[in-house]
Amino acid sequence: QFPFGRRLPCDIYWHGVSFHDNDIFSGQVNKFPGMTEMVRKITLSRAVRTMQDLFPLEYNFYPRSWILPEEFSLFVDEVRMMKDGDPGWKPTFIVKPDGGCQGDGIYLIKDPSDIRLTGSIQSRPAVVQEYICKPLLVDKLKFDIRLYVLLKSLEPLEIYIAKDGLSRFCTEPYQEPTLKNLHQVFMHLTNYSLNIHSGNFIHSDSVSTGSKRTFSSILCKLSSRGADVKKLWSDIISLVIKTIIALTPELKVYYQSDIPAGKPGPTCFQILGFDILLMKNLKPMLLEVNANPSMRIEHEQELSPGVFGNVPSPVDEEVKVAVIRDTLRLVDPQKKKRKDDHFERQHIESYKNKINVRYNYFLCYRCQASEHISEAGEELLDTGRADRPRYDSAESPEADLPSLCLKQVFPKYAKQFSYLRLVDRVAALFIRFLGVKGTTKLGPTGFRTFIRNCKLSNSSFSMASVDILYIDITRRWNSMGIEHKESGMCLQAFVEAFFCLAQKKYKSLPLHEQVTLLIEFCEYHLAALDEKRLVCGRG
């Protein structure tokens, strides 16, 4: 451990909380710049909401959310409208402080008037969400799932999901929320850090019993009841990929700010904790994403009256050790070198065999030659397959390790999800016009250049109108109480402006079609401009 930093270069840097070291010029860091900010409750809600505007059906795995205090009036009005439309609707809402963790400050309400709009809500913004009243129960208890996801690369996007996770249980039998039980946190909140203080919390040496179990043990139980576990896993994978697609545009802005293109710097990877709740019908719902999931494999226990100590937790050890071990295996810088050396040897052996085959060809009758070459080709393929175990067992340090617990889901399933990556393309436009490397805000000149280069101004949308649009949207986003190190238009504000331009240009189409058409329009004109500059440069 190097609490005061390390000057000598490393292959892998494992930071405790966030990416914070600007003196790293090579290697790999286990945190992405901006990830901690991106998965805060408000930022995550905004990112998912943008995707819900574009693809409402694909992003229906996140509860309806409002941001406090700025959307309090909107929250009150929308709830009133929904109640007027359905008098029998009796909702419950959950209020979560933006920077809260481990269940701190979370509470349930039945009506918007119950929100504690004190001074703290102004200084500590929050997200209020529709509470999921009908969760799946096991042993009459509510539980959530902590799944570990490795974001191995942003560009190209590479995502892995651990094949097993944790199931964290409440410690009181679940009942649907009423005014009488709203405050019973051990019934409604699944946070381990809360429930561990309950007298009903059960530490178990088994991974399939107690208040914390493996997710695989829950899947076995569901499978024995006849549930379609394969579909459930497919839905969870879809949820994870879609959530990361929602986060990547702004992560790329942070990334280019801390590690500008063309300058020496590390690559990044990160283990994320996805908290997911299963509804009664087995539909997975995203609760939140944790940038720094706990990797502790022990828990505190009273060893004798008044004496506490840390004891091993078998369920944590089974899941977390595999995640850390296999993350290091996937990012191991020596692994590529070993593979390259191995395949180079294979290539040489293959080349020798091909020469022998060609030599034998001249010793055979022409009519038999094709048969011999064909057979030799099959032998070569068999030899290649036989060589691999020899490489794995004799030369690889991984020979004695179990198979990877991390399953690649992207780019493996890229074809199914690539159409969702519209905001990524908007972010690429935003980054192009930032101008100064290392910034995250677009100035008025950069916005005007974007409009001009993409040929978006015309007689009905003058450059004066462009300036008004820039000022109005930027001023509103800057007044939302977000911390600003620099002035200008942030990515979310640019996305809003872009959507506004798309709606002006392509009327009476669904929003995602409008945005797609405008992206293609901009990309076409920028490609033409680049080509023109290239020709001029050659001239």
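The values are calculated or read from the model by the stated rules, or taken from the named source; none is laboratory data. As the structure is a computational prediction, the values presented were derived from the model and not from experiment. Every residue, glycine among them, receives a Cβ derived from its backbone with ideal geometry; neighbour counts consider all protein chains shown. These accessible areas exclude ligands, DNA and RNA; they are computed on the full protein's heavy atoms, side chains included. Shrake-Rupley method; radii C 1.70, N 1.55, O 1.52, S 1.80 Å.
Observations on the structure shown:
- Considering all different alpha carbon pairs of the stretch 416-539, the Kirkwood hydrodynamic radius works out to 15.5 Å.
- Normalised per residue, the volume of the convex hull around the Cα set of the stretch 46-157 (Å³): 172
- FRET efficiency, Asp472 to Leu509 (Cβ-Cβ, R0 25 Å, nearest 0.05): 0.55
- Neighbour net charge for Tyr160 - beta-carbon separation under 9 angstrom, K R +1, D E -1: 0
- Proximal charge balance of Ser418 [Cβ under 13 Å; K/R count +1, D/E count -1]: +3
- In the context of the full set of protein chains, the stretch 20-78 has a per residue accessible area of 39 Å² (1.4 Å probe).
- The residues of the stretch 420-534 expose, per residue, 52 Å² of accessible area to a 1.4 Å probe.
- Under a model in which nothing but the beta-carbon of Lys, Arg (+1) and Asp, Glu (-1) is charged, the stretch 41-161 shows a dipole of about 400 debye around its Cα centre.
- With 24 Å as the limit on Cα-Cα distance, the pairs of Lys221/Lys283; Lys455/Lys507; Lys152/Lys283; Lys242/Lys263 that go past it are Lys152/Lys283; Lys242/Lys263.
- Cross-link check: pairs Lys252/Lys532; Lys83/Lys134; Lys90/Lys142; Lys134/Lys230; Lys96/Lys252 evaluated at a Cα-Cα cut-off of 25 Å; pairs beyond the cut-off: Lys252/Lys532; Lys96/Lys252.
- What you get for the stretch 420-534, charging only the Cβ of Lys and Arg (+1) and of Asp and Glu (-1), is a dipole of about 200 debye around the Cα centre.
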